[in-house]
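**Q** Pasting a structure below so you can have a look.
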Amino acid sequence: MKRIGTHLHSKNSQVLGLLTIVGVFIMTFCSYTSPAFYFDTSPDNNAFFTVGKAMMHGIVPYKDIFEQKGPYVYFLHGLAYLVSNRSFLLIFVYEIATLVAAMFLVYKLGQLLRVSQLGALLIALLSPLLFLYHPYYDYGDTVEFFTLPLLISLIYLLVLLDQRGLTVSHWWFFAQGAIVGVVFLSKYTLLGAWIVFYLGLVGVLLVKRQWRQLGRVVGWSAGGFLLTTVPWLIYFLVTGGLSAFINVYILFNTKVYLTSSVAAFSNLVQSMTVVSQFFQNNVLFFLLGVVGTLLVTFQRDVFQHNFTRGLYLLTILGCDLFALYGYQAGAVYQYYELIYFAGFVLPFVYLGKLFFARVQLPNENEDTFVILATLLISLFLVLGVNNNVTNSKIFPNNSSITEKATAKPQQPAQLVFGHMMRAAHAPLTMLNYGSIDMGFYTASGAVPSTYFFQNYNIPQASAPQILQSQVNLIKQGQVEWVVLNTPAGKTVKQWQGGGGRISSGNLNPGTAKLAKPLNENYREVAQHTQVFEGVSVTYWLYRLR
């Protein structure tokens, strides 16, 4: 108890406590998973939750239900379902932990670069600006956001290796190996930084013939990797889902979901073009990502050795290039690029160090005002780059909730339809027709009863079986409820679609051809219009006749 008390009164614990309070406050107003929002309308988040819920009911991802992210994503959301079966409460807590971890690592990086404790804390308090920049941080609950502190820990390790002559505790490599396993089974396109890091480190140890150190690095890293991957191998072997996992998560993602089919080198050049455009589109990104990276790379008070200096530069570059490898410039979702912001952290800390070296900071007994002032500035900056709060309960009846002109408090279509489905005491089977999961499975509590429970951002010609299987379900009346959407002002019979691929606002590829069998087997129960991603969308709820 005495040791615990001493630890709780340590400076690190006090800083962590303060950052936790800040993290709770900021995420309450920035993440759609927060209870301050009516509902998390993110298609991706709800798809993760739906598959996670299905897992908790014995349904095997990839084998029994189709989705393309890694199993760790679904497992986390399955746990969230067990905690709260129709909300993202656990994910909200995890988002807070992610932001706090990122801020705390910024603080520790500051200390590693010999910034004063107060200066390092102030830099950490300002860092949410980098992690919550809209639209790269959009709804929240993305693999890119959850990977940020993991990638920052790798950057911290690089600086530590530089200062300690490549000799650190073996637990560092065990942890990084475990992280590689988690990222690999979450979204493997985010592995670029670790691939470059291990290739560089193992390569130099081989050249120097430091066999003992090489064994430590490889052995402990492999141990961590196996710890986080073998349980999933066992799971898929036991459930008979290993081949489906490989076919969907590995092969389908690389052959169908990526937008490019050109040669490997061409894809690399294409990725470089996308990264370059990202940095050129914003002055802040250019200063931190290009100028800042060059600054920390060549400053002797950051990296003292050429090897770690070069390895840092290549690690950041590898992260950026691999994250969008195989994507064309016009087909990149901006949240993919949030991972780039991890590369801003070290330049941000170093620029903060230069600033505080020229500013007279108060001593520890007089620093309260400075901390409070920095907190206010940080909140001001975060709200300046992330306006998600305008869709929260603070702004009742906002356009993301309803387009009805009324002073009476309204709820979004997801909650309205979900309540109707649960109150009907009918079989809770439903189909989200033609669009990505818009949250109706989450709000109703329905467990998917079909393999293709939603549509995907894939050209219809590339996977025609997805939409065809949904049409067959409706023709045969195999689900009790059907939810679909059209542009506001268009009926189900009028909406011809937008070219075979889900378009802006997640409008489906069309409902006109479906109208006849739909109306033969189902009757309209409700409709609700609200704005989604800048598009006025009418959601329709149908029930089996």
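**Q** Compute the convex hull volume of the Cα atoms of region 118-165, divide it by the residue count, and report the result per residue in Å³ as a whole number.
**A** 79 Å³
**Q** Binning at 10 Å from 0, report for region 346-396 what percent of all alpha-carbon pair distances ends up in each bin.
**A** For region 346-396, the pair-distance distribution reads 19, 35, 27, 15, 3.
**Q** Taking amide H atoms as placed 1.01 Å from N in the peptide plane, list the residues 5 or more away in sequence, or in a different chain, whose amide H sits under 5 Å from that of Lys393.
**A** Here Phe37, Tyr38 satisfy the definition.
**Q** If you don't mind, another one. Which shape class applies to region 104-205: rounded if a/c is under 1.5, otherwise prolate when a/b exceeds b/c and oblate if not, where a ≥ b ≥ c are the square roots of the Cα gyration tensor eigenvalues?
**A** oblate
**Q** Starting with the highest mean, order 386-392, 93-99 by the number of other Cβ atoms within 10 Å, averaged over the residues of each peptide.
**A** Peptide ranking by packing, descending: 93-99, 386-392.
**Q** Can I ask one more? Could you derive backbone 3J(HN,Hα) for region 63-70 from the dihedral phi with the Karplus parameters 6.51, -1.76 and 1.60 (θ = phi - 60°), listing whole Hz in sequence and x where the residue is Gly or Pro?
**A** 7, 9, 8, 9, 6, 10, 6, x
**Q** Same structure, new question: To check my understanding: the extent here is largest minus smallest coordinate of the Cα atoms along each principal axis. What are those three numbers for region 415-518, in Å, largest first?
**A** Here the spans come out as 37, 30, 24 Å, largest first.
**Q** Limiting things to C-alpha atoms, what are the Rg and the maximum Cα-Cα separation (Dmax) for region 304-363, in angstroms?
**A** 16.4, 52
**Q** Can you give me the % of accessible surface on the chain that is carbon or sulfur? Probe 1.4 Å, all protein chains present, nothing else counted.
**A** 63 percent
**Q** Ok, one more. If you count, for each residue, the other Cβ atoms within 10 Å and average over each peptide, how do 192-199, 218-225 line up from highest to lowest?
**A** 192-199, 218-225
**Q** Along the charge dipole of the chain, pointing to its positive end and built from +1/-1 on Cβ of Lys, Arg, Asp and Glu, which listed residue (Val370, Gly510, Leu112) has its Cα farthest out?
**A** The listed residue farthest towards the positive side: Leu112.
**Q** Provide Thr486, Thr28, Thr254 ordered by accessible surface of protein heavy atoms (probe 1.4 Å), highest first.
**A** Highest to lowest solvent-accessible surface, that is Thr254, Thr28, Thr486.
**Q** Starting from the Cα-Cα distance between Val269 and Tyr333, subtract it from 0.36 nm times their residue separation and give me the gain in nm to one decimal.
**A** Result for the pair: 21.2 nm of gain on full extension.
**Q** Now for a different question. To the nearest 10 square angstrom, what accessible area does Val359 show with a 1.4 Å probe?
**A** Rounded to the nearest 10, that gives 60 Å².
**Q** Mind running the shape call on region 224-334? Use the C-alpha gyration tensor, a ≥ b ≥ c as the square roots of the eigenvalues: rounded below 1.5 for a/c, prolate if a/b tops b/c, oblate otherwise.
**A** Oblate shape, in that a/c is at least 1.5 and b/c is the bigger or equal ratio.
**Q** Can I ask one more? Please express the shape of the chain as an equivalent ellipsoid: the semi-axes are the square roots of 5 times the eigenvalues of the C-alpha gyration tensor, given largest first in whole angstrom.
**A** Over the Cα atoms of the chain, the ellipsoid semi-axes are 43, 28, 22 Å.
**Q** Next question, about the same structure. For Arg422, what accessible area in Å² do you get when you roll a 1.4 Å probe over the heavy atoms of the protein chains, rounding to the nearest 10?
**A** 80 Å²
**Q** Just to confirm, what accessible area per residue do you get for the chain at 1.4 Å probe, in whole Å²?
**A** 42 Å²
**Q** What residues qualify as long-range amide H neighbours of Ser399, i.e. H under 5 Å apart, gap of 5 or more or another chain, H built at 1.01 Å from N?
**A** Under 5 Å from the amide H of Ser399 lies no amide H from a residue far enough along the sequence or on another chain.
**Q** While we're on this one: If I fit a long axis through the Cα atoms of helix 464-475 and take the longest principal axis of the Cα atoms of the chain, what angle between them do I get, 0 to 90°, rounded to 10?
**A** It is inclined by approximately 40 degrees.
**Q** Right, something else. For helix 89-112, what angle does its Cα long axis make with the longest principal axis of the chain, in degrees from 0 to 90 and rounded to 10?
**A** 20 degrees
**Q** Sort out for me the Cα centre separation of region 188-263 from region 121-167, rounded to whole Å.
**A** Computed from Cα coordinates, the inter-centre distance equals 21 Å.
**Q** Further question on the same structure: Using protein chains only and a probe of 1.4 angstrom, how many square angstrom of Ile401 are accessible, to the nearest 10?
**A** For Ile401, the solvent-accessible surface is approximately 10 Å².
**Q** OK, next. May I ask you to derive the relative contact order of the chain, considering only C-alpha pairs under 8 Å and at least 6 residues apart, and to give it as an integer percent?
**A** In percent, rounded to a whole number, it is 17.
**Q** Let me ask something else about it. Need one number: nm distance between label points at Val83 and Asn281, each 7 Å from Cα along Cα→Cβ, rounded to one decimal.
**A** Output for this residue pair reads 3.2 nm.
**Q** Further question on the same structure: Convert 25 °C to kelvin, take the viscosity as 0.890 mPa s, use the Kirkwood radius over C-alpha pairs of region 200-273 as Rh, and evaluate the Stokes-Einstein diffusion coefficient in µm²/s, rounded to a whole number.
**A** 154 µm²/s
**Q** How far apart, in nm, are the 7 Å Cα→Cβ label points at Ile377 and His425?
**A** The two pseudo-label positions are separated by 6.2 nm.
**Q** Using a simple charge model, +1 on the beta-carbon of Lys and Arg, -1 on the beta-carbon of Asp and Glu, nothing else, what dipole does the chain show about its Cα centre, in debye to the nearest 20?
**A** Approximately 620 debye in magnitude.
**Q** What is the helix-to-structure angle for 345-357, meaning the angle in degrees between its Cα long axis and the longest Cα principal axis of the chain, kept from 0 to 90 and rounded to the nearest 10?
**A** So the helix axis and the longest Cα principal axis differ by about 50 degrees.
The values are calculated or read from the model by the stated rules, or taken from the named source; none is laboratory data. Keep in mind that what you see is a predicted model, and the values were worked out from it rather than measured. Neighbour counts run over all protein chains shown; Cβ positions are idealised from the backbone, glycine included. These area figures cover heavy atoms from the full protein model, side chains too; ligands, DNA and RNA do not enter into them. Shrake-Rupley method; radii C 1.70, N 1.55, O 1.52, S 1.80 Å.
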